[in-house]
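Remarks on the structure that follows.
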Amino acid sequence: MKTKLILVVIILQMQIISVWSQGNLLIAPTRVLITKVNQTEQISLLNTGNDSAIYSINFVNKKMNEDGGFITLAEGDTGALFSSDYVRVFPRKVALGPKEGQTIKVQFKKRTDMPDGEYRSHLYFRDEKNYLPRGQSVTLSDSNSIGVKIIPVFGIAIPIIIRIGKLSATLSISDISLEKDESGVPQVKMTLNRTGNCSIYGTITVNYTEAGGKPVEIGIVNGVGVYTDILKRYFTLQLPKAKDLKLEKGSITVIFKDPENNSILDEQVIELK
């Protein structure tokens, strides 16, 4: 059901769940996990722009790389468990007026022949304008030339995950180092190591403790995933809050937390000298 009041609801939800925005489309949550307990979920959409928009909703299958990026898999690729065959999504196209929102439903369609494991596909929300191939708009500028205008095609993909059976995973942090980027902003580099038969998802927090002082948060990022495609992920977290700190004495603590129960999956310390 569409309602402009959804804007208020999503703003409130931002305190407890992830919200993702690209172009004029805002989506919450940014990850859907389906289990035996919760077999139906809702996703909230909001058009934050001043013009009406139409969004198509389709599945794509993606593979995560060790740098955290994704590769879109071609149809027919095997070797992974995809959730798209076991999930019903409706509606599959929405028209939203300015500042208007709508919810879509994600429903699990369990089959008896499903082996235990974690299934994942990505739900892709695409802004449907009258695009030519590759997003190019071709116009005649004069009798002898053709002008080409590049129009960005906005889309957001969020993972839809199904977990069947007894699944578990552990995470450890290794190879942590404190460096500076080209502009002099401190950053922490690390390797996230995953073991087990399901993905890991959580929040990374970086605290600085000056010698004899109390911990101060200097960096945080939500929604960090290490999916079943990989056993390790290389991750860099920028620390703009620490740009004016000397970071010479004391320690840097890197913490990875599970947001569902706020438990610490791993914690590592860099001693500064």
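The values are calculated or read from the model by the stated rules, or taken from the named source; none is laboratory data. Keep in mind that this is a model prediction, so the values were computed, not measured. No Cβ is skipped: glycine too gets one built from the backbone with ideal geometry, and neighbour counts run over all protein chains shown.
Just checking, does the stretch 72-82 include any residue being of a type outside the set (A, V, I, L, M), surrounded by 17 or more Cβ atoms within 10 Å (Cβ to Cβ) and touching a residue at least 40 places away in the same chain (Cβ under 8 Å)? Looking for residues that are of a type outside the set (A, V, I, L, M), surrounded by 17 or more Cβ atoms within 10 Å (Cβ to Cβ) and touching a residue at least 40 places away in the same chain (Cβ under 8 Å), one finds none in the stretch 72-82, hence no.
Criterion first (of a type in the set (Gly, Ala, Ser) and either modelled with pLDDT of 90 or more or buried (at least 17 other Cβ atoms within 10 Å of the Cβ) (or both)) does Ala28 satisfy it?
yes
The condition of being more than 20 Å from Leu192 (Cβ to Cβ) and hydrophobic (A, V, I, L, M, F, W, C) holds for Leu247. Just so you know, in the stretch 162-207 the residues that are of a type in the set (Lys, Arg) and in a strand (DSSP E or B) include one that is nearest to Val254 (Cα to Cα), and it is Lys189. Of the residues making up the stretch 208-241, just one is more than 18 Å from Ile270 (Cα to Cα), over 16 Å from the mean Cα position of the chain (by Cα) and assigned to a strand (DSSP E or B), namely Lys232.
Taken over the stretch 173-190, the criterion of being surrounded by fewer than 15 Cβ atoms within 10 Å (Cβ to Cβ) and either in contact (Cβ under 8 Å) with a residue 24 or more places away in the chain or hydrophobic (A, V, I, L, M, F, W, C) (or both) is satisfied by Ser174, Ser177, Asp181, Gly184, Val185, Lys189.
Residue by residue, here is whether (1) surrounded by fewer than 17 Cβ atoms within 10 Å (Cβ to Cβ); (2) under 19 Å from Tyr119 (Cα atoms); (3) touching a residue at least 12 places away in the same chain (Cβ under 8 Å) holds:
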site	(1), (2), (3)
Asn197	yes, yes, yes
Val206	no, no, yes
Ile218	no, no, yes
Thr228	no, yes, yes
Ala242	no, no, yes
Leu247	no, no, yes
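For the residues Tyr119, Tyr124, the requirement of being of a type in the set (Phe, Trp, Tyr) and either in contact with a Gly (Cβ under 8 Å, 6 or more places away or on another chain) or not assigned by TED's automatic domain parsing to the domain that holds Ser44 (or both) singles out Tyr124.
Residue by residue, here is whether (1) in the same structural domain as Cys198 (by TED's automatic domain parsing); (2) part of a strand (DSSP E or B); (3) more than 24 Å from Asp113 (Cα to Cα); (4) of a type in the set (S, T, N, Q) holds:
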{"residue": "Leu26", "(1), (2), (3), (4)": "no, yes, yes, no"}
{"residue": "Leu33", "(1), (2), (3), (4)": "no, yes, no, no"}
{"residue": "Ile43", "(1), (2), (3), (4)": "no, yes, yes, no"}
{"residue": "Leu46", "(1), (2), (3), (4)": "no, yes, yes, no"}
{"residue": "Ile57", "(1), (2), (3), (4)": "no, yes, yes, no"}
{"residue": "Ile71", "(1), (2), (3), (4)": "no, yes, yes, no"}
{"residue": "Gly79", "(1), (2), (3), (4)": "no, no, no, no"}
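Looking only at residues of the stretch 83-102 that are among the hydroxyl-bearing types (Ser, Thr, Tyr) and surrounded by 18 or more Cβ atoms within 10 Å (Cβ to Cβ), we find that the one that is farthest from the chain's Cα centre (by Cα) is Tyr86.
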